[in-house]
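Remarks on the structure that follows.
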Amino acid sequence: MSLESMVREVFTAKFGEAPAFIVRAPGRVNLIGEHTDYNDGFVFPMAINRATWIALRPRADKRVLAISLDMDDQREFSLNDLRRPADADWIDYLVGVAWALRERGYALRGWEGVAAGDVPIGAGLSSSAALELVTARAFFEVSDFEWDAAAMALACQAAENNWLGVNCGIMDQMISAAGVEDRALLIDCRSLETTSAPLPADTAVVILDTGTRRGLVDSAYNERRKQCEAAARHFGVSALRDVDETAFAERGHELDELSRKRARHVVTENERTLRARDAMRSGEAAALGKLMIASHISLRDDFEVSSPALDAIVDCANAEDACYGARMTGAGFGGCAVALARVDSAEAFAERVSAAYKSATGNQPTLYITRASRGAETVHP
Ligand code: GLA
């Protein structure tokens, strides 16, 4: 049964009538432009065909009641009494989004509904952003405000940063809000301007989940952010986005070795991401694949956020003839890689990479052949 039918049926059984609305928001995979968003730079993700769904109806009071089929749990809260959690639970994503929207002056009404999703949790495919954006969409349907994708993404990022205490950039929320079917989205993380581009003809995007998860990712992420901010200060700019390859060549040697490597990743990654846009515009799969391979090397050697498992799965993918290029995707240290493969051999490619990676590392991977989907939306009525 599809998730849409599932949330509809459970809603109807529980509340005794059909839902007034069904909303969804997708997870994402980033094709290129990694660890650039918090440097005001460029990212190039696509929304994937895995999402979180909510079937709901408005309530007359100021309460939100949510049933999570994934968590097998029912929780509620009052919009008049939003409490910051000591330890974030799934409902705190909903509370955090309510808080962030209220902070921004949106008048919210209550609702009740049933949620379910198929974005794997903790895999680096932005299940949190999907839950945040689908919550924002639920509030949008029952309240009385305009839907603006960038404004919603910023509110959801604020929920994540200030309510849940996770210091992420804007990429995940922005692509979950603004994804375009069958296209990847170049996002300028300073202006939040977006430009969509179709994937090269005859290619498939394959997500390669290493099956490994690393606990220290938050502290390593925050450390990278600080190193980037310090490097930007050295160049006298507000963010590394403002340092191009020429400026880096002239003054990069003034930095200590570690800062130089971190900055070099961001400067070259922004450049690669813009070149990826050109490659995508002219449908050059091979050129795009090469940029993805270079991105991985830079993340591995200069930014140092890869892991043995990620390196192994990327090597297995790149060894295949059907692969144009593969790289780690998301924050790193575990989770997923992404590959651009020939569409007609994508299934065989996934099977071969899976077997090769398993025999090299002993880990059980999961491979998804994915399609670019639309961002947060209402599918019913
Ligand atoms: C995580 C964060 C994003 C981004 C990526 C790295 O997914 O949530 O904001 O910084 O890492 O590119």
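The values are calculated or read from the model by the stated rules, or taken from the named source; none is laboratory data. Nothing here was measured: the structure is a model prediction, and the numbers come from that model. Methodologically, a virtual Cβ is constructed for each residue, glycine included, from the backbone with ideal geometry; neighbour enumeration extends over all protein chains shown.
Brief remarks on what is shown
- The stretch 275-284 - residue that is crowded, with 18+ Cβ neighbours inside 10 Å and of a type in the set (Gly, Ala, Ser) and, of those, nearest to the chain's Cα centre (by Cα): Ala276
- Enumeration of residues in the stretch 14-52 that are over 30 Å from Ala230 (Cα atoms), more than 13 Å from the chain's Cα centre (by Cα), in a strand (DSSP E or B) and not β-branched (Val, Ile, Thr): Phe21, Arg24
- The stretch 218-233, subset surrounded by fewer than 18 Cβ atoms within 10 Å (Cβ to Cβ) and farther than 18 Å from Leu299 by Cα, residue farthest from the chain's Cα centre (by Cα): Arg233
- Residue count, the stretch 13-48 (criterion: among the β-branched types (Val, Ile, Thr) and within 12 Å of the ligand (Cβ to nearest atom)): 4
- Filtering Glu160, Glu141, Glu112 for residues that are touching a residue at least 60 places away in the same chain (Cβ under 8 Å) and assigned to a strand (DSSP E or B) leaves a single hit, Glu112.
- Flag for Leu133 being away from the ligand (no atom under 15 Å from the Cβ), in contact with a Cys (Cβ under 8 Å, 6 or more places away or on another chain) and modelled with pLDDT of 95 or more: no
- Matching entry among Arg327, Arg272 (being surrounded by 18 or more Cβ atoms within 10 Å (Cβ to Cβ), assigned to a strand (DSSP E or B), within 16 Å of the ligand (Cβ to nearest atom) and under 20 Å from the mean Cα position of the chain (by Cα)): Arg327
- Close contacts from the stretch 297-313, counting a first residue that is surrounded by 22 or more Cβ atoms within 10 Å (Cβ to Cβ) and a second that is of a type in the set (Lys, Arg) and outside any helix (DSSP H, G or I), with Cβ to Cβ under 8 Å and a gap of 6+ residues or different chains, come to Leu299/Arg327.
- Scanning the stretch 330-357 for residues that are part of a helix (DSSP H, G or I) and within 30 Å of Ala129 (Cα to Cα) returns Val343, Ala346, Glu347, Phe349, Ala350, Glu351, Val353, Ser354, Tyr357.
- Output for the stretch 163-174, where each listed residue is within 11 Å of the ligand (Cβ to nearest atom) and not in a helix (DSSP H, G or I): Val166, Asn167, Cys168, Gly169, Ile170
- Boolean, Arg57 is modelled with pLDDT of 95 or more, charged (D, E, K, R) and more than 16 Å from the ligand (Cβ to nearest atom): yes
- Taken over the stretch 330-348, residues that are surrounded by 24 or more Cβ atoms within 10 Å (Cβ to Cβ) and over 19 Å from Gly122 (Cβ atoms) amount to 3.
- For Leu94, the conditions (1) touching a Phe, Trp or Tyr at 6+ places or on another chain (Cβ under 8 Å); (2) in a loop (DSSP other than H, G, I, E, B); (3) more than 16 Å from the ligand (Cβ to nearest atom) all hold with the exception of (2).
- Hits in the stretch 318-347 (condition: closer than 25 Å to Gly215 by Cβ and not aliphatic (A, V, I, L, M)): Arg327, Thr329, Gly330, Gly332, Phe333, Gly334, Gly335, Cys336
- Residue in the stretch 244-260 that is β-branched (Val, Ile, Thr) and surrounded by 17 or more Cβ atoms within 10 Å (Cβ to Cβ) present: no
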